[in-house]
Amino acid sequence: MRYLTAAILFILLSSCSRPASNVRKVLRFAGENRPQLEAVLAHYEDSGEPLKYEAAKYLIGNMGGNAAMDGPSLDRYYRLLDSFYSRPDIDIFALREFNDSLFASPFFTDLKPVFDARTLDSAYLVSHIDRAFEAWESPWAKDLDFNEFCEFLLPYRIGTEIIEDWRTDYRNHYAPYLDSLARSSDAPLEEFCEALNSACVEPHLYENYPGGKPSLKPSVLKRIVGGSCDDYVGLFTYAARTFGVPVAIDFTPQWGNHSQGHKWCATIENDTTYVFDIGDILRPAASNPFTYRLVKAYRKSWAYQSGSPAGHEAPPSLSDQRLVDVTAMYCPVVDIDIRDLQEPLRSRMVWLCAFDDRQWVPVCGSRREGRKVTFADMGYPAVFLPQYYENGELSPAGWPVLVDSLGRVSELKPDSSRPESVKLLRKFMDTKAVKFASYMLGGRFELSRHPDFRDALVMELPDSVGWNFQTLHLPEDAGSFRYVRYVPAPGTAGNIAEIEAYDKDGKRVEGSISGTYDSGDEMHSMDKAFDGETLTYALCGTEQPNPWIGLDLGSELPLYGWELEQPENVARIVFLPRNDDNFIREGELYELCFWDGRWVSLGTRTGSRQTQELIYDNVPSNALLLLHNLTKGKEERIFTYENGRQVWW
């Protein structure tokens, strides 16, 4: 075995184990459980297996604050989960209903830490270390050095979960799916990860999962039908490490151009790091594998990191002293120098923040030198705000800084002496809106006097379809039509949210719904394209032959059911692609703000269906802007106004 090679002396001298003083500190902290930890060290010190002794010192020396969160409410939660998973009708919708009812009021209010150093017994730790060394012999781990083994295979926990013998449990559970691959000397890592995804992942991810929930214990994770990225990362990590796939847990506390953050698994092969994400293929970390913009990425190490910003008063998102900055592994980076921090200088630490839907979220901390501070390895393009953090509160330390696509840094300091007029089309923008609109490319509208649409007037959609209400004007001499339909491009799902027809006087023409759309899903039936709700939409099957959806504009005599041939003088067709409802809406109240040490209002406007835009005059130039919808909705995004358009950050 590798740990008996001639290089062992070098490894022992340069291994990742913490200084002996750290082991002594943990042993003192262990209290009455100290003999259990000492028994682990003694077992390996006398075993003739020095690497296992080093591994034991590494685990125990960095055990420190590791703890499970436990209490009566967690016991009750697991009982409720067990009852839920015993139901025969489990799906993602049932899970949402279950969680919505469960977390309608505060739940996990009585949890307290149960520290590993004071509770874990020697038998568990010895068994775990031995199983980890067995996993090191796998085809995907055999080339790991000892440092990598300690980080990617050895740890026994990943969060605040209740400790279990998950290596034995997961091997027994997933052996039918993964064992043959794990025993093959030439099985591609990608094939294993695809098999693991197939074995573990349900087709839905519950994105609105309740916050504040402690880590699920491994035995429960095997049963989930939907969960947060935390849940799936835990599931993948346990399973992968069981079968000898080296896995690290990486995360970003906040995307640079979208709400929230994300957590994922990273694995290495041939010195290349790959992203192993939920329901996805294995992708190189350096290939920009994410939908949203990464501005900071961290790896959860088992070892405490010297010089960690979390050694000072730190915001919750960055309070872990075991984090390693791995941003440069994923994207181009730049150092951001701020040379003129605002007075008063409240703290020695300054935190660089990215914007969530409603607030600034710290993504990086650095110690200032006088009024200067440097934040290393920041992803871009993005807008950041330097802030102090004291007594649980953030306060601005300077102006927002914009890092453009070339890595150039500039301040966003509003200039009221050079006001400008702005035209606003949205309050929020991300990839979804453009993607949804693109689903209609290649589609067309047809109008005819005949139900079989012979001699139809065909109106092809433009090469670029907008994400709000779109209008197609008929030629003035087009004549009258009874039938109107939308025909999607072949092989697409026919996404469309609304279809409306208007006559030359601007009156909406009503009709009965007709078509061949068949999505097999009542949530996306044909009536959803005519219900006046922007967030509902109709779908067809991608393999369905000749799908279409439309209106019969004819009428019937109500008493006799006699059908009259009564073509309508249709002058325009208005349609709405599937969308995110973040464009300017009729009758809804909006407020534009700019950043001047806080969000300062520039007044309110009411949206109009005819223009689908808001006009504001006297807006300070070079300002960071934010548009609120005071009527409804949560999604909002900061932007600048450049060359007559909103530029989103």
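The values are calculated or read from the model by the stated rules, or taken from the named source; none is laboratory data. Since the structure is predicted, the reported quantities are computational estimates derived from the model, not experimental observations. Every residue, glycine among them, receives a Cβ derived from its backbone with ideal geometry; neighbour counts consider all protein chains shown. These area figures cover heavy atoms from the full protein model, side chains too; ligands, DNA and RNA do not enter into them. Shrake-Rupley method; radii C 1.70, N 1.55, O 1.52, S 1.80 Å.
For T374 and A94 in the same chain, what is the full-extension length gain: residue separation times 0.36 nm, less their Cα-Cα distance, in nm?
96.0 nm
Under 19 Å from the Cα of K435, which lysines turn up, not counting those fewer than eight places away in the same chain?
K427
Give the angle, between 0 and 90 degrees and rounded to the nearest 10, that separates the Cα long axis of helix 92-102 from the longest principal axis of the Cα atoms of the chain.
70 degrees
Kindly rank 106-114, 544-552, 67-75 from highest to lowest mean number of other beta carbons found within 10 Å of each residue. Write down the numbers at each step before the final one.
Numbers: 106-114: 12.9, 544-552: 18.7, 67-75: 16.3.
In descending order of packing, they fall as 544-552, 67-75, 106-114.
Relative to the longest principal Cα axis of the chain, at what angle does helix 189-200 sit, 0 to 90 degrees, rounded to 10?
70 degrees
Rounded to the nearest whole Å², what accessible area per residue is found for the chain with the 1.4 Å probe?
46 Å²
Please list the radius of gyration and Dmax for the chain, considering alpha-carbon atoms only, with Å as the unit.
Just the Cα atoms of the chain yield Rg and Dmax of 29.7, 99 Å.
Applying a 10 Å radius around every beta-carbon, put 453-460, 228-235, 515-522 in order of their mean neighbour count, most first.
The densest-packed peptide leads the list: 228-235, 515-522, 453-460.
At D179 and I281, where each label point lies 7 Å from the Cα along Cα→Cβ, what is the point-to-point distance in nanometres?
The two pseudo-label positions are separated by 3.0 nm.
Using Cα pairs under 8 angstrom and six or more residues apart, how large is the relative contact order of the chain, in percent?
Dividing the mean separation by the residue count of the chain yields 9 percent.
At a Förster radius of 51 Å, what calculated FRET efficiency corresponds to the Cβ-Cβ distance of K634 and D186, to the nearest 0.05?
Working: r = 49 Å, r/R0 = 0.97.
It comes out at approximately 0.55.
Just flag the trypsin sites (Lys or Arg not before Pro) in region 132-181 sitting in loop per DSSP whose Cβ has no more than 15 other Cβ atoms within 10 Å.
Passing both the DSSP loop test and the Cβ count: K142.
Need one word for region 319-401: rounded, prolate or oblate. Basis is the Cα gyration tensor (sqrt eigenvalues a ≥ b ≥ c); a/c below 1.5 gives rounded, then a/b vs b/c decides. Present the calculation step by step, with values, prior to reporting the outcome.
Values: a/c = 1.44, a/b = 1.36, b/c = 1.06.
In terms of gyration-tensor shape, rounded.
Figure the gain on full extension for Q342 and K423 (residue separation times 0.36 nm, minus the Cα-Cα span) and round it to one decimal in nm.
Stretched fully, the Q342-K423 segment lengthens by 26.0 nm.
Note down the nm distance, to one decimal, between modelled labels 7 Å out along Cα→Cβ at L406 and at E393.
Calculated label separation equals 4.1 nm.
How far apart, in nanometres, would the label points at V114 and D143 be if each is projected 7 angstrom from Cα along the Cα-to-Cβ direction?
About 4.2 nm, to one decimal.
Calculate how steeply helix 122-135 sits against the longest principal axis of the alpha-carbon atoms of the chain, using the helix alpha-carbon long axis, and give the answer as 0 to 90 degrees to the nearest 10.
70 degrees
Please sort 190-197, 267-274 by packing, taking for each peptide the average over its residues of neighbouring beta carbons within 10 angstrom, highest first.
In descending order of packing, they fall as 190-197, 267-274.
What are the equivalent ellipsoid semi-axes of region 215-309, built from the alpha-carbon gyration tensor (square roots of five times its eigenvalues), in whole angstrom, biggest first?
Whole-Å semi-axes of the equivalent ellipsoid: 20, 17, 16.
Explain nothing, just compute: Karplus ³J(HN,Hα) = 6.51 cos²θ - 1.76 cosθ + 1.60, θ = phi - 60°, for every residue of region 176-185 in order, whole Hz, x for Gly and Pro.
With coefficients 6.51, -1.76 and 1.60, one gets x, 9, 10, 5, 5, 5, 5, 8, 7, 6 Hz.
Relative contact order of region 423-492: what whole-number percent is it, with Cα pairs under 8 angstrom and at least 6 residues apart? All intermediate terms of the calculation are to be shown ahead of the outcome.
Working: 84 pairs, mean separation 27.8, N = 70.
Value for region 423-492: 40 percent.
Please give the contour-minus-distance gain from R358 to Q305: 0.36 nm per residue of separation, less the Cα-Cα distance, rounded to one decimal in nm.
That works out to 15.9 nm of additional length.
Calculate, for R572 and D527, the FRET efficiency according to 1/(1 + (r/R0)^6) with r their C-beta to C-beta distance and R0 25 Å; round to the nearest 0.05.
Efficiency at R0 = 25 Å is approximately 0.65.
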